[in-house]
Amino acid sequence: MGSHHPECPDRLGAISDRLIAAGLDLYLSYHDAPLAQMEHLLRVHPRSHIEAIEAAEPQSGIVHVDPDTAMSHGSWNAILRSAGAGVMATDLVMKGEARNAFCAVRPPGHHAERGRAMGFCFFNNIAVAAMHAIEAWGLSRVAIVDFDVHHGNGTEDIFAGNEKVLMVSTFQHPFYPYSGTENPAANMCNIPLPAGTRGDGFRQVVSDIWLPRLRKFAPEMIFVSAGFDAHYEDDMASLGLIDADYAWVSQQIKAVADESAQGRIVSMLEGGYALSALARSVAAHIKALSDL
């Protein structure tokens, strides 16, 4: 993305270091993400968009495809691996080789609309994974949970009106990308939160609104757009969650998955730019999913 950009390689390094420091790495199985294939991407993006992103990669330097979203040489492979991670994770979980999975990936994906890259995102990783569960594994009900501080406009763009998908989300509003509140489709459960909302307010809407919708839908698999930029230490936004809130919401998601989805969860990293807070929150998330 270029120097001083918040979506930086140090994000994944901080997560890895924290998992080791917390002793969690001893309990986890690690996999290298494969490259997503064209068939996976075409389920959610038109060929013209995919080819335009591939063509935009420079041989040197930085090229912007959006004011916030840049590519350098090597970005194309990173983009494909980021999407491929969700496909692989879905396969591992559906085969029973992993009970659930967390994909530590960059670039993120939930702002990528069907035909538009934006907000640090090129392809919609969580949508690619969810559609793989539907198309390759024949699932008829998948849920997407998005607790990033920014609305997952791309995921909503792709799945609005799709009866096989329920999306529940919280996000700061009004805030980038200034969407999610205007006549959402029936399968979209969008909960905008005002700046300054802290953990008690977040937990209340999850308990009162998200969880009943999820349980009524009875998903066969749950996908998580796991953004940690609503943390109070993250100065990219103005919500006030702490590590314990991410542990708690992860436990709630896991409880729903245990009830109707045989525990099947694939979580994918989205935002989170304060490195210490990001790393601690991911560790809390993984610890809750792993029953540790």
In what order do Asp17, Asp235 fall by count of nearby beta-carbon atoms within 10 Å, going from fewest to most?
Asp235, Asp17
Over its Cα atoms, what ratio of radius of gyration to 2.2 N^0.38 Å does the stretch 156-228 give?
1.11
Describe numerically, in nm with one decimal, the distance between label points set 7 Å from Cα along Cα→Cβ at His31 and at Asn162.
2.0 nm
With no solvent and one equal point scatterer per Cα, compute the Debye intensity ratio I(q)/I(0) for the chain at 0.08, 0.09, 0.12, 0.15 Å⁻¹ and report its log10, rounded to two decimals.
-0.29, -0.37, -0.69, -1.14
Per residue of the chain, what 222 nm ellipticity follows from adding -39500 (n - 2.57) for every DSSP H run with n ≥ 4, rounded to the nearest 500?
-12000 deg cm²/dmol
Determine which lysines satisfy two conditions relative to Lys287: a Cα distance under 20 Å, and not lying fewer than 8 residues away in the same chain.
Lys254
Neighbour-count order for Val224, Val105, fewest beta carbons within 10 angstrom listed first:
Val105, Val224
Strictly greater than 18 Å: what percent of every Cα pair in the stretch 31-115 meets that?
46 percent
Just to be sure I understand the model, the point goes 7 Å from the Cα along the line to the Cβ. What's the resulting Ala21 to Ala244 distance in nm?
2.0 nm
According to a simple spin-label model (label point 7 Å from Cα along Cα-to-Cβ), what is the distance in nm between Asn183 and Lys216?
2.2 nm
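Applying a 10 Å radius around every beta-carbon, put 202-213, 259-270 in order of their mean neighbour count, most first.
259-270, 202-213
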Counting all Cα-Cα pairs in the stretch 128-175, those more than 17 Å apart amount in percent to 35 percent
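I need to check one value: relative contact order of the chain, counting alpha carbon pairs closer than 8 Å and at least 6 residues apart, in percent.
Over the chain, the number comes to 19 percent.
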Using modelled amide H (1.01 Å from N, peptide plane; none on Pro or chain starts), what sits under 5 Å from the amide H of Met221, excluding residues fewer than 5 places away?
Ala143
Fewest first, what order do Asp245, Asp200, Asp68, Asp258 take by the number of other Cβ atoms within 10 Å?
Asp200, Asp258, Asp68, Asp245
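What size of dipole, in debye to the nearest 20, comes out for the chain about its Cα centre when the only charges are +1 on Lys and Arg C-beta atoms and -1 on Asp and Glu C-beta atoms?
Charge dipole of the chain: 620 debye, to the nearest 20.
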Find the centroid of the Cα atoms in the stretch 44-65 and in the stretch 240-285, then give the distance between the two in whole Å.
31 Å
Add +1 for every Lys or Arg and -1 for every Asp or Glu among the other residues with Cβ under 15 Å from the Cβ of Ala21, and state the total.
0
I'd like to know how the stretch 1-151 sits against the 2.2 N^0.38 Å rule of thumb: what's its Cα Rg over that expected value?
1.06
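Each reported figure results from applying straightforward, stated rules to the coordinates on display, with no laboratory input. Only a predicted model underlies this, so the values are computations on that prediction, with no experimental measurement involved. Neighbour counts are summed over all protein chains in view; Cβ atoms, including those assigned to glycine, are modelled from backbone coordinates with ideal geometry.
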